[in-house]
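Below is one structure; the comments refer to it alone.
The values are calculated or read from the model by the stated rules, or taken from the named source; none is laboratory data. Everything numeric in this text was worked out from a predicted model, so none of it was measured. Here the Cβ positions follow ideal geometry from the backbone for every residue, glycine too, while neighbour counts run over all protein chains shown.
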Amino acid sequence: MTAPGAACPVPHERASVPLGGPRFHTDPHSLYREMRRDHGPVVSVELPGGIPAWLVIGYREMHQITNSPELFPRDVSLWNQWGNIPPDWPLLPMVGRPMPSIYFTAGAEHRRHLAMVEPALESVDPFELRRVGETLADRLIDGFCGRGSADLVADFAEPLPVLVLAWLLGIPDEEGPKLAWLMKKLADGGADAQSAHMQFMQFITHLVAVKRAAPGDDLVSRMLAFPAPFTDEEYANDLMAITAAGHLPTSDWLVNSVRLMLTDDRFAAAMGGGRRSVDQAMNEVLWEDAPTSILAGRWAARDTRLADKTIRAGDLLLLGLAAANTDPHVRQAVGESIAHAGNNAHFAFSHGEYRCPFPAQQIAETVARTGIEVLLDRLPDVDLAIPAQNLVRRPSPFLRGMTSLPVVFTPVRALGGFQ
């Protein structure tokens with residue numbers, strides 16, 4: 001499979017670290033420390049299928065890449081490995097193909113898409129978003145609050161962002177579970193990722209057609225009303241990027257924060273209704289347990305040097321956001337307490353021209369915080385149902401979330417009576 005305009009495959013030094021295996025989700029911080037010790041801030045890695053890439057784990061180097069969009073653009077068409085990528089490569093939906101969208105374009109074309117997407121996101125009323133989030137969180141909790149036990153991933157953290165996204169996009173609630181399943185399969189990068197990607201595209205393409213025929217008060221209709229011309233394919237691609245970025249990262253931010261509050265005595269006060277502790281836990285997660293651990297990607301526009309490595313034109317660079325956040329250089333410079341002091345100089349939302357748009361960050365934060373606060377209001381004695389060391393992470397080096405978060409609590413009445 002060769003992308004239009006892509007260079008022929010070029011030799012690459014033998015990758016020294018396979019980008020996979022259980023340690024990426026069981027003990028990533030130790031693994032990143034070993035990488036830094038053995039390879040420095042830029043690590044030669046191997047993706048499934050023997051595909052080479054560079055994993056950037058240094059804080060300074062991350063700034064260098066994200067602040068240099070001309071040298072390291074997010075332009076997948078530059079990739080020098082296209083000739084080695086089979087059509088069914090499972091990570092292709094994560095890494096991307098050349099396509100007209102906010103996520104897979106660079107320079108002026110990226111800014112053209114951003115000029116349409118960002119105002120639509122900014123138009124979301126934060127008070128209405130909070131109200132809808134509370135209503136949906138209450139509805140989900142009503143479904144399990146009478147049982148005295150729940151899996152906060154499957155029962156709460158994963159469906160809540162999908163239901164909010166359904167409201168934002170103007171799609172029926174009953175279509176939310178299918179949307180959630182498709183995006184989860186995409187993010188996991190397994191054997192069915194390609195099929196899920198095609199179904200996701202069909203879902204969103206149909207949504208664009210529906211909203212074009214009957215506009216409403218929703219994000220899709222506001223994007224379609226933008227005065228500059230965009231094709232339906234471009235609208236669909238941008239909506240796919242927004243939806244995928246808004247689901248699992250928000251879910252993981254919520255559940256990772258709850259996990260921290262249930263396992264760390266510093267946050268015990270939040271169980272009694274403290275709100276400052278919620279903010280502190282959410283900020284600490286962005287530093288220490290960020291939902292997006294590795295982000296694909298950037299491609300070198302020409303031969304260059306990064307740290308002590310020679311980067312060839314067209315090489316793929318993976319952004320090791322979680323590793324950069326824990327780089328000892330930045331910790332020595334500003335102190336180990338940064339995660340607890342409201343410091344926002346982390347890379348959880350990336351950085352620079354291609355960072356997550358600020359209104360999208362605000363939406364994700366509102367959804368996650370609302371979910372946590374409603375949960376603690378409704379179930380103030382919630383606690384883990386199993387020892388913390390038995391909790392299992394999602395088996396993905398890219399997204400850091402939980403496969404489940406089993407909890408117990410005193411059964412309470414649903415808002416409409418016992419369930």
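The residue that is farthest from Arg259 (Cα to Cα), among those in region 372-397 that are crowded, with 18+ Cβ neighbours inside 10 Å and out of contact with any Asp or Glu (no Cβ under 9 Å at 6 or more places or on another chain), is Pro397. Report yes if some residue within region 169-191 is in contact with a Lys or Arg (Cβ under 8 Å, 6 or more places away or on another chain), at pLDDT 90 or above and assigned to a helix (DSSP H, G or I); otherwise report no. No, region 169-191 has no match at all. Can you tell me which residue is surrounded by the fewest Cβ atoms within 10 Å (Cβ to Cβ) among those in region 61-102 that are of a type in the set (Ser, Thr, Tyr) and not in a loop (DSSP other than H, G, I, E, B)? Per the criteria, the residue is Ser77. Residues in region 135-142: is at least one of a type outside the set (S, T, N, Q), modelled with pLDDT of 95 or more, closer than 24 Å to Gly176 by Cβ and in a loop (DSSP other than H, G, I, E, B)? No, region 135-142 contains no residue that is of a type outside the set (S, T, N, Q), modelled with pLDDT of 95 or more, closer than 24 Å to Gly176 by Cβ and in a loop (DSSP other than H, G, I, E, B). In region 208-223, the residues that are touching a residue at least 60 places away in the same chain (Cβ under 8 Å) and under 12 Å from Ile171 (Cα atoms) form Cβ pairs under 6 Å with partners that are buried (at least 20 other Cβ atoms within 10 Å of the Cβ) and of a type in the set (A, V, I, L, M, F, W, C), at six or more places apart or across chains, as follows: Leu219/Ala120; Leu219/Leu168; Leu219/Leu169. Among the residues of region 176-189, is there at least one that is within 20 Å of the chain's Cα centre (by Cα), on the phi > 0 side of the Ramachandran plot and touching a residue at least 12 places away in the same chain (Cβ under 8 Å)? Checking region 176-189: at least one residue is within 20 Å of the chain's Cα centre (by Cα), on the phi > 0 side of the Ramachandran plot and touching a residue at least 12 places away in the same chain (Cβ under 8 Å).
Within region 103-117, is even one residue of a type in the set (A, V, I, L, M), touching a Leu at 6+ places or on another chain (Cβ under 8 Å) and either over 30 Å from Leu415 (Cα atoms) or not in a loop (DSSP other than H, G, I, E, B) (or both)?
no
For region 36-46, enumerate the residues that are buried (at least 21 other Cβ atoms within 10 Å of the Cβ) and either in a helix (DSSP H, G or I) or touching a helix residue (DSSP H, G or I) at 6+ places or on another chain (Cβ under 8 Å) (or both). Break it down stepwise before answering.
Taking region 36-46 as the starting set, the residues that turn out to be buried (at least 21 other Cβ atoms within 10 Å of the Cβ) are 41-43, 45.
Correct list: Pro41, Val42, Val43.
The requirement of being among the polar types (S, T, N, Q), under 25 Å from Pro98 (Cβ atoms) and surrounded by fewer than 14 Cβ atoms within 10 Å (Cβ to Cβ) is fulfilled somewhere in region 220-238, by at least one residue. Within region 148-164, is there a residue that is in a loop (DSSP other than H, G, I, E, B), at pLDDT 95 or above and either surrounded by fewer than 18 Cβ atoms within 10 Å (Cβ to Cβ) or out of contact with any Gly (no Cβ under 9 Å at 6 or more places or on another chain) (or both)? Scanning region 148-164, I find at least one residue that is in a loop (DSSP other than H, G, I, E, B), at pLDDT 95 or above and either surrounded by fewer than 18 Cβ atoms within 10 Å (Cβ to Cβ) or out of contact with any Gly (no Cβ under 9 Å at 6 or more places or on another chain) (or both), so the answer is yes.
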